[in-house]
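Have a look at the structure below, then the notes.
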Amino acid sequence: MKKTKTNNPYSRILVILSLIFFYVPIVYVCFFSFNSSRSLTHFTGLSLQWYEAMFTNRTIMEALWVTIYVAIIATLISTIVGTLTAIGLSRSRKIVREVVEQINNLPMMMPEIVIAISLMLFFIGLNIKLGMATLIISHIVFCIPYVLISVMPKLRQLDPNLAEAAMDLGATPFQALYKVIIPQIIPGIVSGALIAFTMSFDDFVISFFNTGEGINNISIYVYTMYKRINPSINALSALIVLFVSLVLIGMHVVPRIMERKTHKNEKKGKSSDEEMECLLP
Amino acid sequence: MKSFARLTIPYIIWITVLIVIPMLMIVLYAFTKDGTLLSFSFTLDNFLRFFQDAIFPSVLWRSLVIAVVTTIICLLIGYPVAYGIAKMKNHQQATIILLITFPMWINMLVRTYAWRGILSASGLSADMKVYIGMVYNFLPFMILQIHGSLSKMDNSLIQAAYDLGANKLETFKRVVLPLSIPGVLSGITLVFLPAVSSFFIPKLLGGGDFVLIGNLIENYFITTNDWNFGSAISLIMAIVVLVSMYLTKRADKNVGESEDA
């Protein structure tokens, strides 16, 4: 491993500048969430009043609850249906697989607003009252495709005879699925579920058109505030930043520490850190 | 195991009912005049209305221009950034990618709202604010897609180019760039698509009278309740989007072929 100094400083500076660009608004809202005045441009002093205002604001708390509730239910259902469908598709005839994959891609290929209004027209056309149920259904509609596209590649890597082998050895189809196939594709299922959760948690466009009176998620709430300055939103944003940081730290750092610990115990003294430097010109 | 194929049946029913039929309903509404589902009559009025009034095509044009410019800016910034990341050591790459994905986990509306505060005292024009909002929201997609294709690249190909006497620029032009095109293309798709139909970025950052095609659709569905005309606008937008995606893909193929010749 030769460590050639091919990396020019400009590309590093550019990377750092883009990171700053991405973090400016995040740092900004967190900072101004502690402001003592309503101003979004002048910091007048430290205060926790916007946090207090946020926690006592029923609309915000309900929006937060709706967002989490919908995201959890949509993720659960889409992960189960998406995984089972992916397994089914891997055993289906080619024509079925291709047609399903094409239609499955539609919600990802079409502008979101088109999917949103198509569902709204559908629900209203059937006289279904827009509300929590339609909100959850519409979220499942756009979440399943993401689960499907993250599980399918894992299934393609599997030996197609795996399930047969399990069943030859006396497993029922359900056992073959549950004990043999699913454990093999768990990484795909987990990443699919994560994408589904973020997509649902973040969604605005589809939620906006498919929710009913009084049921708002965070995005819709922020959108309705577009004319006013409401510093409680800064506090809410800071709270979301904290929540996301904790989740990501939990997801990335903890497994890495665990891995490093087991690594150290396994091969003491051996340097296992194989660092490859990329050869890009 | 063929019996597993049956697991697909619920989803086939699901996509038929909740993707195919709703899409057809947009088409149905776009080609009819106000009536119920059972008594509708075919008409082209909604489309004629769109193209006869100068304002609607100009809004569509403006949305396209903003989306195209946003895509170009994202490509011009995103490629060098992705390239810079791909040249770093593996563990650094993982950290930077994590740092870029982190903001994407935070609600888009919340992040866009944050820009309102920052830009409120800046005195920038509404156009500029909207561009900043768009680039901010969609640049990560571009970087991640291009980085994905650059980091998957086989280093021995680059080594081979050097061994065969290519210099840095030639290696980049003839090996790295062509191999990164799939990432560039999916990056373009992931930026252009949401940019052309976005309606909360113009509304939050551009002010109430900054109207793009997405805002138009929103108005006709939420405020005016003219679903037939709203559907026609959506259909026109969907077609324009699909055609531009198709043209992007074809342009890429043509470039590839002329390189070979």
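Here are a few things to note about the model shown:
- Counting every other Cβ atom within 10 Å of each residue's Cβ, A:Arg38, B:Arg62 order from fewest to most as A:Arg38, B:Arg62.
- Cα gyration tensor shape of chain A, rounded if a/c is under 1.5, else prolate or oblate by comparing a/b with b/c: oblate
- Other residues with beta-carbon under 15 Å from the beta-carbon of A:Val241 carry, at +1 per Lys or Arg and -1 per Asp or Glu, a net charge of 0.
- Measuring nothing but how far apart in sequence close Cα pairs (under 8 Å, 6+ apart) lie, relative to its length, chain A scores a relative contact order of 30 percent.
- Take each residue in A:165-174, count the other chain C-beta atoms within 10 Å of its C-beta, and the mean is 1.
- Relative contact order (percent, whole number), chain B, Cα cutoff 8 Å, 6+ residue spacing: 27
- For the protein assembly as shown, the fraction of alpha-carbon pairs lying more than 30 Å apart is 57 percent, rounded to a whole number.
- If you sort the three axes of the alpha carbon gyration tensor as a ≥ b ≥ c, you get a/c of 1.5 or more for the range A:1-120 and a/b no higher than b/c, which makes it oblate.
- Counting only other chain Cβ atoms within 10 Å of each residue's Cβ, the peptide B:190-198 averages 3.
- Projecting the Cα atoms of B:Ile201, B:Met134, B:Asn215 onto the charge dipole of the range B:60-251, computed from C-beta unit charges around the Cα centre, puts B:Met134 farthest toward the positive end.
- Taking the Cα centre of the range A:58-228 as reference, the dipole from Cβ charges on Lys and Arg (+1) and Asp and Glu (-1) amounts to some 100 debye.
- Placed amide H near B:Thr32: partners under 5 Å, 5+ positions off or other chain: B:Thr43
- Nonlocal Lys pairs with alpha-carbon distance under 28 Å, the range B:60-251 (8 or more apart, or different chains): 13
- Judged by the ratio a/c of the largest to the smallest principal axis of the C-alpha gyration tensor, the range B:1-157 counts as oblate, that ratio being 1.5 or greater while a/b is no larger than b/c.
- Packing order of peptides B:98-109, A:56-67, highest average first: B:98-109, A:56-67 (average count of other Cβ atoms within 10 Å over each peptide's residues).
- Estimated 222 nm signal from helices in the protein assembly as shown, with DSSP H stretches of n ≥ 4 weighted -39500 (n - 2.57), rounded to 500: -23500 deg cm²/dmol
- Per-residue average of Cβ from other chains inside 10 Å of A:205-214: 2
Taken together, the values in this text are just the output of simple stated rules run on the coordinates, not laboratory data. All values reported here derive from a predicted model rather than from experimental measurement. Cβ: placed from backbone, ideal geometry, glycine included. Neighbour counts: every protein chain shown.
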